[in-house]
Structure formats: structure tokens, C-alpha cells
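Single-structure report; data block below.
FYI, it's all coordinate maths here, none of it is from the lab. If you're wondering where the values come from, they're calculated on a predicted model, not measured in any experiment. Virtual Cβ from ideal backbone geometry, glycine too; neighbours counted across all protein chains shown.
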Amino acid sequence: MNLRRFIVSLYLVLFVGVGVASGVFFWQARAEYEQLKQQEASSRRRLAETEAKLREQEKIIDRLQNDPAYVEKVIRRRLHYAKPEEFIFRFED
């Protein structure tokens, strides 16, 4: 009877041990899964932002290639160019 009780106790301890180990493994896997989901969401947001910026820059490039008035506006604003009879006033902030 003692041997039988010992074997049953041993199986019970092993069963509980495997159950606890499985629970810990499942908890760690779940935590890693949640972390990966957050990283994916962050990456998708950055991708959307980058694609929007790319579309904006493509529009600017298209306008620079096809719109002379826009090219003139950009040159005047960035390089402070003026037509021969125009004056440019610069003020200190």
C-alpha cells in the first residue's frame, strides 16, 4: 500500500509540475505575443506616416518638374531671389 501511495503521489507531483511549467510557458508566450503586436502596430503607424510623406514629396517633385510658377515661388522664398526691379527687405527677429 505504501508503494502504491508513493507512486500515486509521485504522479500527482509530476502532473502538477508539468501543469505549472506549461502555465509559465504559456504566460511568457502570451507576453511575447503582446509585445510583438505592439511592435507591429508601431511599425504600421510609422509606415503609414512615411508613405504619406513620400506622397507629399512626390507631389512636390511633380510640381517642380511641371509648374514654372511653383519653381519661381520656391526659388524666391528659399534663395531670396528678386526680379530686377524688386526689393527684398529682411528684418531681424
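Could you give each residue of segment 76-93 its phi-based ³J(HN,Hα) in whole Hz, using Karplus coefficients 6.51, -1.76, 1.60 with θ = phi - 60°, and x for Gly or Pro?
5, 6, 7, 9, 6, 7, 9, 6, x, 10, 10, 10, 10, 9, 10, 10, 7, 8
Would you work out which of P68, Q38, S9 lies farthest towards the positive end of the dipole of the chain, given +1 charges on the beta-carbon of Lys and Arg and -1 on that of Asp and Glu, about the Cα centre?
Among P68, Q38, S9, the one farthest towards the positive end of the dipole of the chain is S9.
Using the number of other C-beta atoms within 10 angstrom as an exposure proxy, rank D93, D62 with the fewest first.
The fewest-first ordering by Cβ neighbours comes to D93, D62.
Run the reach check for K83 against aspartates and glutamates, Cα to Cα strictly under 12 Å, same-chain hits fewer than 8 apart removed. What comes back?
Filter leaves E72.
Can you sort V16, V74 so the residue with the fewest Cβ neighbours within 10 Å comes first? Working shown, then result.
Numbers: V16 10, V74 15.
Ascending Cβ contact count within 10 Å gives the list V16, V74.
List the lysines whose Cα sits under 22 Å from the Cα of K59, skipping any in the same chain fewer than 8 residues away.
List returned: K73.
Which whole-Hz ³J(HN,Hα) couplings does segment 24-32 yield from phi under the Karplus relation 6.51 cos²θ - 1.76 cosθ + 1.60, θ = phi - 60°, glycine and proline marked x?
Per residue, the Karplus-derived 3J(HN,Hα) values read 5, 4, 4, 5, 5, 5, 5, 5, 5 Hz.
Which one of R76, R63, R55 has the biggest mean-square fluctuation once the chain is modelled by GNM with Cα springs under 10 Å?
With Cα springs under 10 Å in the chain, the top fluctuation among R76, R63, R55 is at R76.
With θ set to phi - 60° and the Karplus curve 6.51 cos²θ - 1.76 cosθ + 1.60, what are the ³J(HN,Hα) couplings of segment 55-66 in order, to the nearest whole Hz, using x for Gly and Pro?
Here the 3J(HN,Hα) series is 4, 4, 5, 5, 5, 4, 4, 4, 5, 5, 7, 10 Hz.
Can you give the calculated 222 nm mean residue ellipticity of the chain, where each DSSP H run of n ≥ 4 adds -39,500 (n - 2.57) and the sum is split over every residue, rounded to the nearest 500 deg cm²/dmol?
Numbers: 2 runs with 77 residues, N = 93.
Taking each H run of at least 4 residues, the total per residue is -30500 deg cm²/dmol.
Subtract the Cα-Cα distance of A69 and Q38 from 0.36 nm times their separation in residues, and report this length gain in nm to one decimal.
Numbers: separation 31, 0.36 × 31 = 11.16 nm, distance 4.54 nm.
Extending this stretch completely gives an extra 6.6 nm.
Please identify the chymotrypsin sites (Phe, Trp or Tyr not before Pro) of segment 24-82 that satisfy two criteria: DSSP loop assignment and at most 14 other Cβ atoms within 10 Å. Which are they? Walk me through the numbers on the way to the answer.
Numbers: sites: F25, F26, W27, Y33, Y70, Y81; in loops: Y81.
In loop regions of segment 24-82 (DSSP not H, G, I, E or B), the sparsely surrounded chymotrypsin sites (Phe, Trp or Tyr not before Pro) are Y81.
Suppose R0 equals 41 Å. What FRET efficiency, 1/(1 + (r/R0)^6) with r the Cβ-Cβ distance, do L47 and V8 give to the nearest 0.05?
On the way: r = 57 Å, r/R0 = 1.40.
Result of the calculation: an efficiency of 0.10.
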